[in-house]
1. Here's a check for you: in region A:508-535, which residue that is among the acidic types (Asp, Glu) and part of a helix (DSSP H, G or I) is nearest to RNA strand B (Cβ to nearest atom)?
2. Does A:Thr540 count as more than 13 Å from RNA strand B (Cβ to nearest atom) and among the β-branched types (Val, Ile, Thr)?
3. Please go through region A:611-620 and pick out each residue that is in a loop (DSSP other than H, G, I, E, B) and either free of Cβ contacts under 8 Å to residues at least 40 places away in the same chain or over 30 Å from the mean Cα position of the chain (by Cα) (or both).
4. When only residues in region A:536-554 that are part of a helix (DSSP H, G or I) and of a type in the set (Lys, Arg) count, which is nearest to A:Ser615 (Cα to Cα)?
5. Output the qualifying pairs, or none if there are none: Cβ atoms under 6 angstrom, residues six or more apart or on different chains, first residue in region A:457-479 and within 14 Å of A:Asn447 (Cβ to Cβ), second residue surrounded by fewer than 22 Cβ atoms within 10 Å (Cβ to Cβ) and of a type in the set (A, V, I, L, M, F, W, C).
6. Which residues, taken from region A:453-472, are in contact with a Ser or Thr (Cβ under 8 Å, 6 or more places away or on another chain), among the charged types (D, E, K, R) and more than 23 Å from A:Asn393 (Cβ to Cβ)?
7. Going by the structure shown, is A:Ala548 more than 11 Å from RNA strand B (Cβ to nearest atom) and in the same structural domain as A:Thr598 (by TED's automatic domain parsing)?
8. Can you tell me which of (1) without any contact (Cβ under 8 Å) to a residue 24 or more places away in the chain; (2) under 10 Å from A:Leu38 (Cα atoms); (3) among the small types (Gly, Ala, Ser) is the one A:Ser64 doesn't meet?
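The values are calculated or read from the model by the stated rules, or taken from the named source; none is laboratory data. Please read these numbers as outputs of a predicted model, since none were measured by experiment. Every residue, glycine among them, receives a Cβ derived from its backbone with ideal geometry; neighbour counts consider all protein chains shown.
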Amino acid sequence: MQLLLIHSDYIEFEAKRPTKFAEDIEDSAKKGRLEDALCAFIAVEKFDEDDPDAVVAEGSKQISEVAEQVHAKKIMIYPYAHLSPNLSTPDSAVNILKGLQESLSKEYEVVRAPFGWYKAFSLSCKGHPLSELSRSIKLGEGEIVSQALKSEAKAVSYWKIMDLDGTLINIDKFDFDGHENLRKFGQYEMAKSRAVDAVPPHVDLMRRLEMVDYEPGSDSGNMRFYPKGRLVKSLLENYVLDKAMDMGAMEVETPIMYDMDHPTLKKYLDRFPARQYQIEAEKKRLFLRFAACFGQFLMGHDMTISYKSLPLKMVEITRYSFRREQRGELVGIRRLRAFTMPDMHTMAKDMSQAIEEFKKQYETSISVLNEIGLDLADYEVAIRFTKDFFEDNREFVHDLVAIVNKPVLIEMWDERFFYFVLKFEFNFVDTLDKASALSTVQIDVENAERYDITYVDENGERRQPILLHCSPSGAIERVMYALLEKAARETDRGRLPMFQTWLSPTQVRIIPIAERHQPRAFHVAQDLGFRVDVDDRDETVGKKIRDAGREWIPYVAVIGDDELVSGLLTVTIRSESTPKNAAKFKMNVDDLRKKIQTETSGKPQRRLPLPMKLSERAKFI
RNA sequence: GCCUCGGUAGCUCAGCUGGUCCAGAGCGAUUGACUUGUAAUCAAUAGGUCGCGUGUUCGAAUCACGCCCGAGGCUCCA
């Protein structure tokens with residue numbers, strides 16, 4: 001709502017002719033005049049329709065505040081469309097204007113000029129400092145603040161730690177000795193503050209390794225990926241997709257933008273704690289998805305599903321999901337506004353099947369993170385549930401704790417504020433003590449009904465499934481963040497940082513010592529397969545070795561006169577080296593190939609994303 | 001809108017109590033020499049209206065004012 005407030009000596013109007021939006025009025029209402037009145041020119045805007053009552057409340061509050069300041073006893077409500085390019089429908093506008101009139105009439109003498117008429121008016125502005133004011137009313141800055149965001153602030157949580165024996169301990173009573181990260185995680189969660197106050201180490205690494213960078217030409221939190229970053233991301237995406245499909249999921253693809261006024265979506269928006277990007281096109285209000293839920297649930301709604309197909313799973317690697325996170329929370333790739341999230345949904349027959357699936361997906365998530373290079377010591381587990389769920393499934397929750405074999409942060413709500421009754425998350429805690437969720441699974445008891453998703457059971461009856469939301473790895477960018485942060489931590493501990501071989505952009509670097517060794521180097525590169533490159537630059541061996549180390553290359557093979565004679569390679573294996581001591585091994589091409597084969601089998605394969613010859617490479621940063 | 005910090009070569013930054021050490025360093029790039037055995041070979045060359053504008057001054061990267069852009073924080077007004 002836009003308001004233009006003018007303190008006037010007098011304001012008078014006369015309705016001349018109706019427009020097609022004109023409200024029906026008595027002849028007596030066609031003329032009006034007030035003296036010493038505050039005249040409020042008002043444009044009701046599109047987004048005011050989302051919560052008309054709140055707009056009326058806020059509008060009348062602001063108008064009376066000004067009336068109070070200028071000591072006006074009378075108020076003229078004057079519809080004035082020209083204040084906004086983004087008007088509401090005439091009906092909504094009239095309703096809101098009437099609402100204002102009603103609300104203000106309690107304390108003031110109010111006249112409302114009729115809506116939708118061509119009116120003549122004359123006005124005399126008093127011209128004192130406060131006599132001309134404008135106000136904009138935008139609830140939540142013109143966006144819809146979802147009900148879930150509001151309830152997240154209200155939700156009453158009980159924070160506990162579940163110990164290995166299944167006892168729940170109040171968080172302030174728990175002895176955190178030896179569980180430093182769990183303590184930090186708990187504090188972080190309870191504080192609910194996500195603001196960034198220092199730059200975490202992965203930011204330098206992501207740029208220095210030429211993986212990811214800021215894109216000044218876009219919005220904050222929308223990144224550019226250089227070839228090496230794109231490769232790692234692609235490998236991770238494909239790996240997680242494979243794992244989801246191993247669990248029986250079917251890959252689908254769904255749109256990235258949706259109509260805000262679609263009835264089921266509107267309700268879902270209200271239940272999800274995130275801010276959206278909103279765009280307008282052809283008079284439609286669209287929002288960019290923040291997950292694949294809508295697409296898959298809308299698909300599920302249209303499907304014919306027998307109990308024989310359950311549990312039924314669909315997965316999409318969402319490139320992208322969008323969440324308009326607050327600016328202060330964005331740094332590097334820990335938290336983004338556009339991110340890639342593997343999103344799998346399971347339709348389960350009933351709660352018991354849902355619980356069974358939940359456990360499988362919990363275990364798969366552990367294994368997925370492990371294969372990527374993050375083990376149980378690298379993250380903390382949170383399990384959140386409603387009190388009711390816990391009382392019915394105490395043993396099950398204890399099982400989950402037993403599987404990870406370490407204490408777990410518990411958050412319990414006495415009421416269900418969200419669409420789920422149970423969820424877990426694996427949270428990476430970085431060196432700045434910030435926690436970020438990776439894998440998560442939720443049991444959703446609300447959306448099957450909202451989207452009207454049904455299956456037919458053994459007796460031919462339609463039933464609603466229980467839904468599970470699962471991201472086996474969490475957002476891919478965040479996995480990369482965690483890997484880089486872990487590498488930084490390793491460096492601090494005096495170890496050589498590296499990625500798993502299957503994720504390394506260059507798996508083998510071949511360094512010919514002099515120009516005469518190059519043909520052999522290229523030959524070995526061809527012969528070996530995998531992502532191999534050759535440092536054929538005119539640099540010293542020392543420089544080439546150093547550069548290979550700075551790129552975290554797992555295998556570095558030097559070829560000189562000795563190797564030409566012996567036919568062997570001298571390979572430095574990073575995983576067995578220390579910063580002071582390079583672990584060098586003589587081996588032939590077959591040995592090396594077998595070694596890499598075992599380290600990469602079952603993982604996605606991609607070719608080298610850059611020219612094989614280092615002499616031909618451009619610099620990105 | 002306000003406050004703080006920042007904007008100097010492709011990158012990272014120094015200079016900033018105004019004046020031939022103020023236009024610099026390292027890395028990177030180019031060229032040349034070297035043909036190299038495990039964490040930076042040597043040398044040369046090219047690259048900048050020091051964010052933009054206006055002032056002050058004999059003289060401005062440096063001081064003042066205004067503006068633009070970025071990061072962070074605060075906040076909503078005559």
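1. Let us first name the residues in region A:508-535 that are among the acidic types (Asp, Glu), namely A:515, A:527, A:533, A:535.
Filter once more, keeping what is part of a helix (DSSP H, G or I): A:515, A:527.
Working: A:Glu515: 4, A:Asp527: 18 Å.
Result: A:Glu515.
2. In short, no.
3. Taking region A:611-620 first, the residues in a loop (DSSP other than H, G, I, E, B) are A:611-612, A:617-620.
Result: A:Pro611, A:Met612, A:Arg617, A:Ala618, A:Lys619.
4. Of all residues in region A:536-554, those part of a helix (DSSP H, G or I) come to A:541-550.
Now narrow it down to the ones that are of a type in the set (Lys, Arg): A:543-544, A:546, A:550.
Details: A:Lys543: 14, A:Lys544: 12, A:Arg546: 16, A:Arg550: 17 Å.
Ranking the qualifying residues of region A:536-554, first place goes to A:Lys544.
5. So the pair list comes out as A:Gln464/A:Ala448; A:Pro465/A:Ala448; A:Ile466/A:Met351; A:Leu467/A:Ala448.
6. To start, the set of residues in region A:453-472 that are in contact with a Ser or Thr (Cβ under 8 Å, 6 or more places away or on another chain) comprises A:455-456, A:462-465, A:467-472.
Filter once more, so that each one left must be among the charged types (D, E, K, R): A:462-463.
Passing the criteria: only A:Arg462.
7. Values: more than 11 Å from RNA strand B (Cβ to nearest atom): no; in the same structural domain as A:Thr598 (by TED's automatic domain parsing): yes.
Considered against the rule, which asks whether it is more than 11 Å from RNA strand B (Cβ to nearest atom) and in the same structural domain as A:Thr598 (by TED's automatic domain parsing), A:Ala548 comes out as no.
8. (1)
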